[in-house]
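Report on the structure given below.
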Amino acid sequence: MSAELSKLEWQQMDAAHHLAPFSDYKSLHAEGSRMITHADGHFIYDMDGHAILDAMAGLWCVNVGYGRQSLVDAAAAQMTKLPYYNSFFKTSNQPVAALSKKLAELTPEGLNHVLYANSGSEANDTIIRLVRHYWALKGQPEKRVIIGRDYGYHGSTIMAASMGGMSGMHAQAAQEADFSHIRPPYGFLYQGNQTDAQFAASSAQLLAEKIAEIGADKVAAFVAEPIQGAGGVIIPPAGYFDHIQKICAEHDILFIADEVITGFGRTGYWFGSDMYGLKPDVMTLAKGLTSGYMPMSAVMVGDRIAQTLIDEGGEFYHGFTYSGHPVSAAVALANLQLIEDETMIDIVRSETGPYLAEALTSLADHDLVGEVRSCGLLGCVELVADKNGPVLFEDTGAAGVVVRDHAISGGLMMRAVRDGMITSPPLSFTKTDIDMLVERLRLALDKAVPALLG
Ligand SMILES: *Cc1c(COP(=O)(O)O)cnc(C)c1O
């Protein structure tokens, strides 16, 4: 490949043959994609030489930041030694055995077995089969329905998208039978005059009502992200999950925690489950598992299910060519080692998390800002048309795009979810990085005022 091709030529080549994920091809191809050439530390660089502060950690995944040599070295060494072998033929490999032990140690008590896949979507598809298979082994094959939440995101395969609560995705051939959804504890939209305790109870009560409607004998599981990420960083009020877990236990319904974003330190704890005191039967892991340096996901299987699979015997006809990929496992081990060596999670919990909360709160006075919320290194700034009320924008999502575009051209990568500006930076983000994030975000808000508040 010639390095002398111009940016425009690269963009045209890309537009001619590449269909990017979650894109409107017509407008994207007219505009041309931003060609990212390299990344280092907390910055990504494009072909124009712009340095952009990556306040999204790639896609909620590059938790240790870019250019970490120990992960690169682990991949190179493993590729040289054993680049691939499957785990189908009564075979396994050392990185996978070591990683499985490590994950069993790190995750909450009772999660001691691991099934591997390559993405969060695949892991959740695996879970859907697993929990239905579990109930079938238990002699209750009619327990099939999985209850999720509106705005939940569990991936983009047909089943994972059906389990998720994104209506736009449902409308595009991802609305399979035996999934149901309840309203999430999204305080900004739904709390009204309720206290946090009331809102926690009333939001959880929706699960009890849904179970009664469907029949507990038909419900296999309830699935939730401890904090909803792609749905807009929706942080539940204290006590919500206590009610939820009680309801699940009462009706003998499995609890699935999708920790694809909240896992591996994002909230200042190893897992969101640690923060909220959750005892999930199954846990989904991906993204931060390898900090995105290699694709890998994992399903943590609780003792109750694992023991049933082991005791009942019989083959679980499930797995992928790349399940338990040795290079991904080696990178995951190096990634977890780095998180531990640099005490990243303690720093998020005691220093940078609280600092981000304070820094974002400094934006609350802005005319465009209706609410600011964060937990660890996950944050959202909700945009409003009028602070009094607050009054939301009529054309949902459009305001978010305006601010996001100003942010990116001002050297700050953030994402807009509806009209919320989302941040999920690398866990290695420093206070200086956070200052830069908030400074650039304020500038983007200011620049958006004429178009949005006119
Ligand atoms: C990103 C995400 C997924 C899907 O992961 P992919 O690797 O994109 O398939 C699932 N669950 C949650 C909570 C996610 O954030």
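The values are calculated or read from the model by the stated rules, or taken from the named source; none is laboratory data. All values reported here derive from a predicted model rather than from experimental measurement. Cβ: placed from backbone, ideal geometry, glycine included. Neighbour counts: every protein chain shown. Areas reflect the complete protein model, heavy atoms only, side chains present, ligands, DNA and RNA absent. Shrake-Rupley method; radii C 1.70, N 1.55, O 1.52, S 1.80 Å.
Assorted remarks:
- Within the stretch 392-424, the residues that satisfy the criterion of being in a loop (DSSP other than H, G, I, E, B) and more than 21 Å from the chain's Cα centre (by Cα) are 392, 393, 394, 395, 396, 410, 411.
- Among residues of the stretch 394-404 being surrounded by 18 or more Cβ atoms within 10 Å (Cβ to Cβ) and small (Gly, Ala, Ser), the one that is farthest from residue 64 (Cα to Cα) is 399.
- For the stretch 405-422, filtering for residues that are open to solvent by 50 Å² or more (accessible area, probe 1.4 Å) and under 27 Å from residue 339 (Cβ atoms) leaves 1.
- Neighbours by Cβ (under 9 Å, 6+ apart or cross-chain): first from the stretch 100-124, touching a residue at least 60 places away in the same chain (Cβ under 8 Å) and of a type in the set (D, E, K, R); second within 16 Å of the ligand (Cβ to nearest atom) and open to solvent by less than 30 Å² (accessible area, probe 1.4 Å): 102/332; 122/155; 122/160; 122/286; 122/297; 122/323
- Meets criteria (surrounded by 15 or more Cβ atoms within 10 Å (Cβ to Cβ) and part of a helix (DSSP H, G or I)) for residue 366: no
- Residue match in the stretch 226-236 (condition: open to solvent by 60 Å² or more (accessible area, probe 1.4 Å) and either in a loop (DSSP other than H, G, I, E, B) or not acidic (Asp, Glu) (or both)): no
- Residues (open to solvent by less than 20 Å² (accessible area, probe 1.4 Å) and either farther than 20 Å from residue 375 by Cβ or part of a loop (DSSP other than H, G, I, E, B) (or both)) located in the stretch 51-73: 52, 53, 55, 56, 62, 63, 64, 65, 71
- Residue in the stretch 203-211 that is away from the ligand (no atom under 16 Å from the Cβ), surrounded by fewer than 16 Cβ atoms within 10 Å (Cβ to Cβ) and under 30 Å from residue 389 (Cβ atoms) present: yes
- Meets criteria (touching a residue at least 60 places away in the same chain (Cβ under 8 Å) and farther than 17 Å from residue 429 by Cβ) for residue 353: no
- Taken together, the residues in the stretch 423-454 that are of a type in the set (Val, Ile, Thr) and open to solvent by 80 Å² or more (accessible area, probe 1.4 Å) amount to 1.
- Some residue of the stretch 242-253 being within 14 Å of the ligand (Cβ to nearest atom) and of a type outside the set (Lys, Arg): no
- Of the helices (runs of 4 or more DSSP H) lying entirely inside the stretch 86-189, those carrying at least 2 residues that are surrounded by fewer than 20 Cβ atoms within 10 Å (Cβ to Cβ) are 94-106, 120-137, 167-170.
- Condition met for residue 427 (touching a helix residue (DSSP H, G or I) at 6+ places or on another chain (Cβ under 8 Å) and in a helix (DSSP H, G or I)): no
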